[in-house]
Structure formats: structure tokens, C-alpha cells
Amino acid sequence: MKVEVLGNEKTIISFALAGIGGKIVSSKEEVLKIVKSNKEVGVFLVVDEYFPSNYEEDFPILVRIPGRQ
């Protein structure tokens, strides 16, 4: 199962240094589009600024993480 980070550029770079890939996003709608279209990723770490509050699916799992400002 893959793990991917969705958030701002600073957060993506920080996780990339630890070997975790990610995508830069700019809205909650963009996060939902990525999550629904990507079937290979099991866990998405989403910066709290872009965490969609209306997500109610069981899979993939979304985990809210604090972002870097």
C-alpha cells in the first residue's frame, strides 16, 4: 500500500526528504479529485488547510497533518 502527501510545497519537500512522495494542491476540491482518481494509494496525508471535511469514504484513508507555514 502506498502513502502520499497532499499539501503545500514546503510540506511536500519535507516529506520528500524522508522518501514519501506527494503532490502540491491548492484547494479541497483538488484533493477530492486526486483521492477519487488514484486507486494505487491507500493512505493520503493531507495538510489540514486542504483537508476535505465532507469526505466520508473508508478507502483510501485520509489523515489530517499540520502544514508548514
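What follows is calculated from the coordinates using simple rules that are stated; it is not laboratory data. Just so you know, these numbers come straight off a predicted model, no measurement behind them.
Just to be sure I understand: if I project the alpha-carbon convex hull of the chain onto a plane and average over all orientations, what area do I get in nm²?
Working: hull surface 16.7 nm².
Result: 4.2 nm².
With θ taken as phi - 60° and the coefficients 6.51, -1.76 and 1.60, list the Karplus ³J(HN,Hα) couplings across the range 47-56 in order, rounded to whole Hz; mark glycine and proline as x.
Values, residue by residue: 4, 4, 4, 10, 5, x, 6, 9, 7, 10 Hz.
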